[in-house]
Amino acid sequence: MTARVDDVVAWVGDGGLPAFLDGLAADYRGWDGERSWQTLDRDLTVSAVFRSGGHVGLTWAVQPWRQAAGDWSASVTTWLEAGEQMASLAADVRAFLTEERQ
């Protein structure tokens, strides 16, 4: 399956996605419930849950802007170890988005 959403804006004034991922990495001891972040247009949403054994489930969901025809969405869940793997992901995402802006 291929899902594509053009022109997703993930870098906003509050630090955006990297700041969200940094926060998850900082809370490597866990949290209750679900945490989520989304772009202003809600075309990209990332939800996180903490599970026993120190693992974080990140669900990445994309959907076209509300005006787009076809009204579809696609998601995938990835599992990472809390702490170091989350910190590495946050750093990688920050580097990727910084590189894209230049």
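The values are calculated or read from the model by the stated rules, or taken from the named source; none is laboratory data. Quantities reported herein were computed from a predicted structural model and do not represent experimental measurements. For neighbour counting, all protein chains shown are included, and Cβ atoms are generated from backbone atoms with ideal geometry for every residue, glycine included.
If you scan region 45-102, which residues turn out to be at pLDDT 85 or above and part of a loop (DSSP other than H, G, I, E, B)? Result: Ser52, Gly53, Gly54, Ala82, Gly83. When the test is whether a residue is in contact with a helix residue (DSSP H, G or I) (Cβ under 9 Å, 6 or more places away or on another chain) and modelled with pLDDT under 85, Gly23 does not pass it.
Looking only at region 25-84, filter to residues that are surrounded by fewer than 13 Cβ atoms within 10 Å (Cβ to Cβ) and of a type in the set (D, E, K, R); which one of those is farthest from Thr2 (Cα to Cα)? This residue is Arg29.
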